[in-house]
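Q: Can you keep this structure in mind? I'll have questions shortly.
Read the figures in this text as sums done on the coordinates, not as results from a lab. No experiment lies behind these values; they were computed from the predicted model shown. Heads up, the Cβs are rebuilt from the backbone with ideal geometry, glycines too, and the neighbour counts pull from every protein chain shown.
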Amino acid sequence: MTTSPPLAASPITSPHLATPRSATPRSATPFVVDSIVIGAGPAGLATAHELMRVGQRVLVLERGTGVGMSWRTHRPGLRLHTVRRLSSLPGMIIPRRLGRYVTSADLVHYLEHYVVASKIDVRFGVAVSRVRRVRSGLVGAGRVDAFGRTPSWRIDTSDGTTYTATTVVMATGYNQHPYIPRLPGLAEYQPPHLHVAEYRGGDQFAGLDVLVVGAGNAAAEAATELVASGARRVRMAVRTTPHIVRRRVGGVSMQSVAIAMSHVPLRFADRLASVLARLTVPDLSAHGLARPRADLYTRVQRDDSVPVHDTGIVALLQSGAVTPVAAVTGFEPGAVQLADGSVVSPEVVLFASGYRRGLDALLNGLDLLDHIGNPRARSGTEAAPGFYFVGFTVSATGALREIARDARRVAQHARRRVRL
């Protein structure tokens, strides 16, 4: 990995990044490039960098006004769960001065510098409306990419501009559209209820009784912040007992442990994780949260469910500042029904119930998604000739680390395809 010039302390003010730049003006003839990357988050930028490194002409299309849009909307102070040294994108190390666990704001600044240092061509304010396979004769005579190949994909955009490319990378991100389950009575429920994506910090709920629906990292962090910001009461509605891990054990990051565990059989990794949890995380059964089954790594692979990193939630559960309750089953006027038959009446309900990918309309008719809209193919592998997903891997080893690996894999495969 190479290094680039050190990051400045302040955000970039380059016009290329500060002002949305529309795509080339509309034309009836599709614009031909080697590779189109959809999305200018970490996954899209890393993949663009690696494709450029193997000689591809790459264009990144981003519907937002800047890079890393999902990271810009996170609540202030949010930090990565992964350590800095294992979270860099290809070609540019995250500076050590940003600390062991980088904030979301610093990550955005890093991505802004990454675009400039890597000379990545990003078109902001361009929303992709449809991706299709190119039919014979659509591109026209003589319309080939830099390697003499006829493009096999067509990308339609909301401003009427059309692109064709031999390689397309979908990198719009795993957490695209906030998801709230359609529970009975929710439509008529009156007290405030919102998704954690709309949550901007505990101060907005100071002095209130809050029910957090969910038991993943987003739920645990929200509950921790709510207590710190003076919420009168905080409860967590738990459907499945989460695995809770310490960020570091004996000076070793849990991410490093997870990387080591990825090289051993799944059942053995589950058992080792269970033993480690019993040694490092107290039994919370007396506080309403039973120990989970010995299936941490199985859950990651089977359910896309990563463990909860302890950023203070364990101590709050022990003290009773956060109280686990049964899963939510429905709503009635002014009250929430729980799976154990009890009813609670919070003043605010905060859903930490996950996200959906939002790819169905873009990839309609291509048979690349499963029944719930997730990519069928593994990130970094060829889902269809010349088509890849990057940034959709759920792993205990770290999302940014996996993104960098997937980006390199896509570039290597694209280079092999050129040689064929």
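Q: Report the normalised scattering of the chain as log10 I(q)/I(0) at q = 0.07, 0.08, 0.10, 0.13 Å⁻¹, calculated by the Debye formula with identical scatterers on the alpha carbons.
A: The Debye formula, applied to the Cα set alone, gives -0.37, -0.49, -0.75, -1.19.
Q: Another question, if that's okay. Return the Rg/Rh ratio of region 178-354 with Cα-based radii and a Kirkwood Rh.
A: Reported Rg/Rh (Cα atoms, Kirkwood Rh): 0.99.
Q: Ordered by packing density, taken as the mean number of other Cβ atoms within 10 Å over each peptide's residues, highest first, how do 330-337, 87-94 rank?
A: 87-94, 330-337
Q: May I ask for the distance between the Cα centers of region 35-110 and region 162-221, given as a whole number of Å?
A: 21 Å
Q: Please order 402, 50 by the number of other Cβ within 10 Å, starting at the fewest.
A: 402, 50
Q: Relative contact order, percent, of the chain when contacts are C-alpha pairs under 8 Å separated by at least 6 residues?
A: Relative contact order of the chain: 21 percent.
Q: Along the charge dipole of the chain, which of 366, 94, 411 sits closest to the positive end, that is, farthest toward it, with unit charges on the beta carbon of Lys, Arg, Asp and Glu (+1, +1, -1, -1)?
A: Sorting the options by dipole projection puts first 411.
Q: Each label point is 7 Å from the Cα along the Cα-to-Cβ direction; what then is the distance between the points at residue 228 and residue 286, in nm?
A: Reported label-point gap for residue 228 and residue 286 is 2.7 nm.
Q: To continue, here is another question. Using Cα pairs under 8 angstrom and six or more residues apart, how large is the relative contact order of region 178-354, in percent?
A: Relative CO of region 178-354 lands at 37 percent.
Q: So how far apart, in nm, are the two label points at residue 198 and residue 239 if each is 7 Å from Cα heading toward Cβ?
A: Taking the simple label geometry, residue 198 and residue 239 are separated by 2.0 nm.
Q: Turning to a different aspect of this structure: Beta carbons within 10 angstrom, averaged per residue: use that to sort the peptides 296-302, 284-290, 110-116, highest first.
A: In decreasing order of mean packing, 296-302, 284-290, 110-116 become 110-116, 296-302, 284-290.
Q: Per DSSP H run of n ≥ 4, the term is -39500 (n - 2.57); total these for the chain, divide by its residue number, and report the mean residue ellipticity at 222 nm rounded to 500 deg cm²/dmol.
A: Mean residue ellipticity, 222 nm, calculated: -7500 deg cm²/dmol.
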